[in-house]
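> Sharing a structure with you now.
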Amino acid sequence: MERKIFEEKVGKFLDRYGKVKVLNGVNFDSSNRILPYIVENDDQKFAVFAFHWKKSIGTNTIIRTEHQIQDMNCDGAIIIGSRFSQNSYDMVSNTNKRGNKSIILIKKEEMNEILKIAN
């Protein structure tokens, strides 16, 4: 049940930023994350990966995300999760400095706070 509530919150959160589309045909491990999304407006298109697990999201996930956004022809990605390792923050910072694609890390608590403020 918690997973379904998480999916609904992610969808509601993303609605604030543009047109949201759930990607059903993307290959992913269903035990690790909810279905990926695309959120886009007139200016940009971002892939969104929301991880339901409670463990820290590390550099392997960041590397996979970088490859996926290239394949999906997106301007960047938003990754939503419980925690992020310091190495993943460092890797995202370096990726964003290069300027090719942008990656945004959002903790579930931050997402929940934004949703509370919006209501």
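> Here's a check for you: in the stretch 10-24, which residue that is of a type outside the set (D, E) and surrounded by fewer than 16 Cβ atoms within 10 Å (Cβ to Cβ) is nearest to K116 (Cα to Cα)? Please lay out each step first, then the result.
We begin by selecting, within the stretch 10-24, every residue of a type outside the set (D, E); these are 10-14, 16-24.
Right, trim to surrounded by fewer than 16 Cβ atoms within 10 Å (Cβ to Cβ) and you get 12, 16-17, 19, 21-24.
Details: K12: 11, R16: 13, Y17: 16, K19: 21, K21: 23, V22: 23, L23: 26, N24: 29 Å.
Checked the stretch 10-24; the qualifying residue nearest to K116 (Cα to Cα) is K12.
> So which pairs qualify, if the first residue must be in the stretch 67-89 and within 24 Å of D43 (Cβ to Cβ) and of a type outside the set (A, V, I, L, M), the second must be modelled with pLDDT under 90 and in a helix (DSSP H, G or I), the Cβ gap must be under 7 Å, and the two must be at least 6 apart or on different chains?
G76/I69
> Would you check if I69 is crowded, with 17+ Cβ neighbours inside 10 Å, more than 15 Å from L105 (Cβ to Cβ) and modelled with pLDDT of 85 or more? Full working, then the answer.
Values: crowded, with 17+ Cβ neighbours inside 10 Å: yes; more than 15 Å from L105 (Cβ to Cβ): no; modelled with pLDDT of 85 or more: yes.
The answer is no for I69.
> Still on this structure, I have one more. Considering only residues that are part of a loop (DSSP other than H, G, I, E, B) and over 14 Å from Y37 (Cα atoms), look in the stretch 65-94 and name the one that is nearest to the chain's Cα centre (by Cα). Let's see the steps before the verdict.
We begin by selecting, within the stretch 65-94, every residue part of a loop (DSSP other than H, G, I, E, B); these are 72-75, 82, 85.
Then drop every residue that is not over 14 Å from Y37 (Cα atoms), which leaves 82, 85.
Values: S82: 12, S85: 15 Å.
Only one residue fits best here, namely S82.
> Looking at the stretch 40-54, which of its residues are loosely packed, with under 15 Cβ neighbours inside 10 Å and more than 12 Å from I80 (Cα to Cα)? Give the steps one after another, and end with the answer.
Residues of the stretch 40-54 loosely packed, with under 15 Cβ neighbours inside 10 Å: 41-44, 53-54.
Those that are loosely packed, with under 15 Cβ neighbours inside 10 Å and more than 12 Å from I80 (Cα to Cα): N41, D42, D43, Q44.
> Okay, next question. With the requirement that a residue be hydroxyl-bearing (S, T, Y) and either over 18 Å from A47 (Cβ atoms) or modelled with pLDDT of 95 or more (or both), what does the stretch 93-111 give you?
Within the stretch 93-111, the first condition is being hydroxyl-bearing (S, T, Y), and the residues that meet it are 93, 95, 102.
Once the filter is applied, which keeps residues that are hydroxyl-bearing (S, T, Y) and either over 18 Å from A47 (Cβ atoms) or modelled with pLDDT of 95 or more (or both), the stretch 93-111 yields only S93.
> Any idea which of I114, I103, I62 is assigned to a helix (DSSP H, G or I), in contact (Cβ under 8 Å) with a residue 40 or more places away in the chain, of a type outside the set (S, T, N, Q) and buried (at least 19 other Cβ atoms within 10 Å of the Cβ)? Lay out the reasoning, then the answer.
Details: I114 fails: buried (at least 19 other Cβ atoms within 10 Å of the Cβ); I103 fails: assigned to a helix (DSSP H, G or I).
I62 is the lone residue from the list that is assigned to a helix (DSSP H, G or I), in contact (Cβ under 8 Å) with a residue 40 or more places away in the chain, of a type outside the set (S, T, N, Q) and buried (at least 19 other Cβ atoms within 10 Å of the Cβ).
The values are calculated or read from the model by the stated rules, or taken from the named source; none is laboratory data. Computed from a predicted structure; not experimentally measured. Note: ideal-geometry Cβ built from the backbone for every residue, glycine included; neighbour counts use all protein chains shown.
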